[in-house]
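The values are calculated or read from the model by the stated rules, or taken from the named source; none is laboratory data. These numbers come from a predicted model, not from an experiment. All Cβ positions, glycine included, derive from the backbone under ideal geometry; neighbour counts span all protein chains shown. Please note that ligands, DNA and RNA were not included when accessible areas were found on the heavy atoms of the full protein model with its side chains. Shrake-Rupley method; radii C 1.70, N 1.55, O 1.52, S 1.80 Å.
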Amino acid sequence: MALHCGRACRQYLLHLAHDNVDFRLPEIKALLSLRKRPFDTSKTFSEKSPFWHLNGLSEDDMRRVMSRTICGKSSFELWGHGTTTDELRTSLLKYPAENMAPYLQHNSTYKINVYTFNKTLVFKNRIKKIDALDFLPFKGTVNLKDPEHIFCLLEDYGSDPNDIPEEPFHIYFGRWIADGQRELIRSYSVKKRHFIGNTSMDARLSFIMANHAKVKADDLVYDPFVGTGEEILLVACSHFGAYVCGTDIDYNTIHGIGKASRKNQKWRGPDENIRANLRQYGTESLYVDVMVSDASKPVWRKNAQFDAIVTDPPYGIRESTRRTGSHKDIIKPPVDFSGESHVPVSMAYHLSDIFADLLNFAAHHLVLGGRLVYWLPIYRPEYCEEMVPLHPCLTLISNCEQTLSSHTSRRLITMEKTKEPEDSDRLSHLADPHFTPYQGHNSFREKYFSGLTKKNTKDAKATPRNKE
């Protein structure tokens with residue numbers, strides 16, 4: 001259990017939030033990748049655990065990760081750990097004294113916190129645990145309000161709230177380094193945004209998507225379905241210093257006009273639009289623009305332009321899946337037609353086509369090493385990994401599930417561009433075995449509402465009726 005090492009190879013403990021568990025590992029790996037650092041952990045690593053050991057990092061690496069992470073709550077320089085208090089004591093006594101010394105000086109102030117996962121301890125028991133650490137050579141003065149150094153005793157009681165053990169499975173002790181960015185969840189809440197759409201995403205997932213995409217300062221980030229209410233995606237990316245732009249087929253949403261999405265508000269205000277949200281959070285200078293455009297049509301120059309594409313395509317539930325076009329015979333407009341008042345005809349845009357177009361677009365317009373991050377709606381009874389669309393130029397990085405109901409979920413897909421496209425790549429999805437199974441999701445809307453109907457019918461049968 002001893003941690004014999006110098007500053008360059010010290011071990012760190014990462015305490016993670018126990019929500020969006022599937023999203024944690026890809027986020028931390030992406031943030032370490034921004035620092036060109038590998039994800040190196042202990043042999044006993046468990047992805048579901050709220051505590052991870054990280055090796056081969058510096059304190060500055062940890063501070064940079066914590067300045068971005070939404071899934072991480074706090075990080076610590078790990079001084080000792082064990083499965084019992086005796087093992088913890090042995091581990092702490094073997095930790096190099098020269099590593100402890102700078103934080104235990106006479107002229108320093110400190111405090112010790114006790115954190116328990118999956119169990120609540122009364123104040124008296126917390127004090128007992130702190131007193132049991134009296135073998136550590138603390139020489140400074142205790143200051144509970146504003147200490148120079150904070151130490152923490154962390155105990156893991158497992159993740160089953162119905163089977164909490166008397167003693168913890170594992171105990172850790174270390175020096176606090178930094179907290180994560182969980183405060184962003186509150187400060188960017190839907191309730192506080194100036195402009196929201198019909199399907200506005202919560203802040204937690206928006207910032208996680210930006211981290212999965214490895215968005216950084218001076219990047220150019222694009223959302224091809226910005227009008228589906230995911231204006232927060234541009235806000236989240238701009239928070240990390242990226243320039244943002246987007247397109248959508250919906251003229252009203254792009255221009256912030258029409259019916260409001262808020263309760264007790266009939267119409268949108270004169271300045272209720274996507275740009276106003278960036279202005280609200282102080283990042284308007286990073287707003288490039290948004291424009292009305294059809295994602296199925298080629299409107300961009302053919303060279304690579306974007307460092308990341310972050311989007312949530314419409315599923316056909318609260319936002320329709322439409323593209324410009326018609327099944328009727330094409331009629332040429334008059335020679336003198338100016339087009340000023342023309343409203344294009346739209347038609348159904350199947351989910352399989354949406355994702356095929358999205359992957360092709362990313363292959364052509366992402367820079368090499370750029371990332372595509374998007375949501376894929378899933379009908380759970382039929383889901384298999386073969387349903388995730390692939391592309392020869394894009395490597396699948398992660399696939400994380402967010403459960404929506406007993407029969408539906410959506411999966412956050414992260415892909416990275418690893419080669420430039422060739423002519424043969426454009427229609428490669430038609431020959432790919434992944435494409436045919438995914439065509440079944442063209443009926444996702446019908447299956448979604450079918451599942452709700454079955455549930456309501458089942459509930460109705462289970463509820464006994466009063467006899468007349």
**OP:** Considering each of S285, S338 in turn, give the residue that is among the hydroxyl-bearing types (S, T, Y), modelled with pLDDT of 85 or more, open to solvent by 80 Å² or more (accessible area, probe 1.4 Å) and outside any strand (DSSP E or B).
**Re:** S285
Subject >> Scope the range 362-405; condition among the basic types (K, R) and under 19 Å from the mean Cα position of the chain (by Cα); matching residues >> reply: R371
**OP:** Considering each residue of the range 186-226, count those that are modelled with pLDDT of 95 or more, open to solvent by 20 Å² or more (accessible area, probe 1.4 Å) and more than 16 Å from the chain's Cα centre (by Cα), and give that number.
**Re:** 3
Subject >> Filtered residue count, the range 237-255, keeping only those that are assigned to a helix (DSSP H, G or I) and at pLDDT 95 or above >> reply: 3
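Taking the stated definitions as given, is L234 modelled with pLDDT of 75 or more, open to solvent by less than 30 Å² (accessible area, probe 1.4 Å) and either of a type in the set (F, W, Y) or under 16 Å from V373 (Cα atoms) (or both)?
Yes, satisfied.
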**OP:** Take the residues in the range 384-401 that are open to solvent by 40 Å² or more (accessible area, probe 1.4 Å) and in contact (Cβ under 8 Å) with a residue 24 or more places away in the chain, then tell me which one is farthest from N20 (Cα to Cα).
**Re:** P392
Original post:
Out of (1) touching a helix residue (DSSP H, G or I) at 6+ places or on another chain (Cβ under 6 Å); (2) over 18 Å from Y172 (Cα atoms); (3) of a type outside the set (G, A, S), what's the single condition that is false for V114?
Top reply: (2)
**OP:** Mind listing just one residue for me: the one in the range 299-320 that is of a type in the set (D, E, K, R) and at pLDDT below 80 and, of those, surrounded by the fewest Cβ atoms within 10 Å (Cβ to Cβ)?
**Re:** R318
Subject >> Number of the condition not met by D156 [criteria: (1) within 15 Å of L92 (Cβ to Cβ); (2) touching a Phe, Trp or Tyr at 6+ places or on another chain (Cβ under 6 Å)] >> reply: (1)
Original post:
What number of residues within the range 129-182 satisfy the criterion of being within 30 Å of F207 (Cβ to Cβ), assigned to a strand (DSSP E or B) and either without any contact (Cβ under 8 Å) to a residue 40 or more places away in the chain or open to solvent by 50 Å² or more (accessible area, probe 1.4 Å) (or both)?
Top reply: 2
